[in-house]
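What follows is a short report on a single structure.
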Ligand code: UTP
């Protein structure tokens with residue numbers, strides 16, 4: 001039986017980021033910062049805090065800056081050290097040391113399911129986490145660790161879910177099944193973006209998973225679905241027919257940073273908790289809300 005310890009994570013970051021044009025014309029969406037930390041760094045930090053050792057980044061043409069971000073920048077670090085700015089040099093070096101990053105190209109953006117399948121040769125026959133590159137989850141215990149604990153205890157794949165208003169089910173993959181306890185469901189069906197009257201529940205999958213390697217066979221058998229893309233949700237439906245699949249209502253606040261309003265929400269929330277910025281940001285917000293400008 002394969003080990004149940006979750007050591008590897010896949011971060012799909014090969015999408016086109018069309019909701020964020022024109023910003024994403026020449027820079028990857030994942031490199032847009034929340035205050036001063038690129039979105040993707042927040043995601044990698046969650047994986048590392050969850051105990052992940054190897055991060056498999058699914059990338060694409062014109063996304064080299066993501067790989068560079070997690071490497072050393074010798075020129076910058078050396079120049080900062082010569083100017084006695086050792087703390088800033090350390091900020092840069094620390095990112096380079098954060099994890100073992102393995103990048104795999106998805107040559108065509110054929111969907112999230114296809115992106116995950118690109119990681120199969122690197123993952124091999126062990127369970128792994130998936131974290132979407134534009135979903136930020138702020139929580140005391142990293143969301144990926146919460147899911148890994150369920151996998152390690154139950155020996156079953158698990159998707160992280162959050163409750164959404166009925167009117168919003170058409171924005172997400174939605175799960176249905178039997179409740180095992182108020183936070184855990186045994187999933188028997190998943191529907192990609194159902195209209196509110198077709199949704200099996202209000203439990204939506206924002207972008208965190210811990211999956212058995214059997215998902216790769218399911219992905220290989222999955223035909224293009226909604227939008228002509230190979231959907232991870234469709235492969236999970238197949239997995240649920242073959243193995244136990246759970247949904248866990250994780251603790252934490254989720255921000256859809258690939259959406260403009262979600263991005264602004266995350267920026268304000270993260271800026272307000274930075275002691276050196278909080279009062280300045282409050283003043284700026286008051287000024288705008290009072291219509292002074
Ligand atoms: P999204 O649909 O949110 O991202 O996919 P997108 O395609 O980049 O953005 P929009 O919708 O055009 O604005 C969810 C995640 O899956 C990745 C994306 O990079 C994102 O992190 N993805 C999506 C891939 O890696 N490959 C794909 O073919 C599609």
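Summary table
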{"read-out": "Whole-angstrom gap from the stretch 116-132 to the stretch 244-275, using each part's C-alpha centre", "value": "24 Å"}
{"read-out": "Taking the chain and dividing mean pair separation by its residue count, relative contact order in percent (alpha carbons under 8 Å, at least six apart)", "value": "21 percent"}
{"read-out": "Förster-model FRET efficiency, 30 Å R0, residue 98 and residue 198, C-beta, rounded to 0.05", "value": "0.10"}
{"read-out": "For the chain, built as a Gaussian network whose Cα springs stay under 10 Å, the top-fluctuating residue of 268, 112, 277", "value": "277"}
{"read-out": "Antiparallel content of DSSP bridges confined to the stretch 141-293, in %, to 5", "value": "75 percent"}
{"read-out": "Gyration tensor (alpha-carbon) shape descriptor, the stretch 145-293, a/c threshold 1.5", "value": "prolate"}
{"read-out": "Antiparallel DSSP beta bridges within the chain, percent to nearest 5", "value": "60 percent"}
{"read-out": "Among 76, 101, 147: highest mean-square fluctuation, GNM of the chain, C-alpha pairs under 10 Å", "value": "76"}
{"read-out": "Anisotropy class of the stretch 62-110 from Cα gyration tensor, a/c 1.5 cut", "value": "prolate"}
{"read-out": "Sorted by Cβ neighbour density within 10 Å, fewest at the top, the residues 220, 61", "value": "61, 220"}
{"read-out": "Per-pair calculated FRET efficiency, R0 = 25 Å: residue 125 and residue 53 via Cβ, rounded to 0.05", "value": "0.90"}
{"read-out": "On Cα atoms only, tilt of 86-97 relative to the major axis of the chain in degrees", "value": "20 degrees"}
{"read-out": "Residue 90-residue 288 pseudo-label distance in nm [points 7 Å out on the Cα-to-Cβ vector]", "value": "3.3 nm"}
{"read-out": "Sorted by Cβ density within 10 Å, fewest first, the residues 102, 215, 52", "value": "102, 52, 215"}
{"read-out": "Over the stretch 12-60, relative contact order from alpha-carbon pairs under 8 Å, at least 6 apart, %", "value": "44 percent"}
{"read-out": "Length-normalised contact order for the stretch 201-293 - Cα pairs under 8 Å, 6+ apart - percent", "value": "14 percent"}
{"read-out": "Value of [θ]222 nm, deg cm²/dmol, for the chain, DSSP H segments ≥ 4, -39500 (n - 2.57) each, nearest 500", "value": "-10000 deg cm²/dmol"}
{"read-out": "Nitroxide proxy distance, nm - points 7 Å out along Cα→Cβ at residue 244 and residue 153", "value": "1.2 nm"}
{"read-out": "Helix 260-272 vs. the chain, principal-axis angle (Cα, 0 to 90°, nearest 10)", "value": "60 degrees"}
{"read-out": "DSSP bridge pairs, the stretch 1-159: antiparallel proportion in percent, nearest 5", "value": "10 percent"}
{"read-out": "In nm, spacing of pseudo-spin labels at residue 279 and residue 76 (7 Å Cα→C-beta vector)", "value": "3.1 nm"}
{"read-out": "Cα shape, the stretch 1-115, gyration tensor, a/c 1.5 rule", "value": "oblate"}
{"read-out": "Acute angle (nearest 10 degrees) that the helix 278-289 long axis makes with the longest principal axis of the chain, alpha-carbon atoms", "value": "80 degrees"}
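Taken together, the values in this text are just the output of simple stated rules run on the coordinates, not laboratory data. Not measured: the values here are computed from a predicted model. Backbone-built Cβ (ideal geometry, glycine too); neighbour counts: all protein chains shown.
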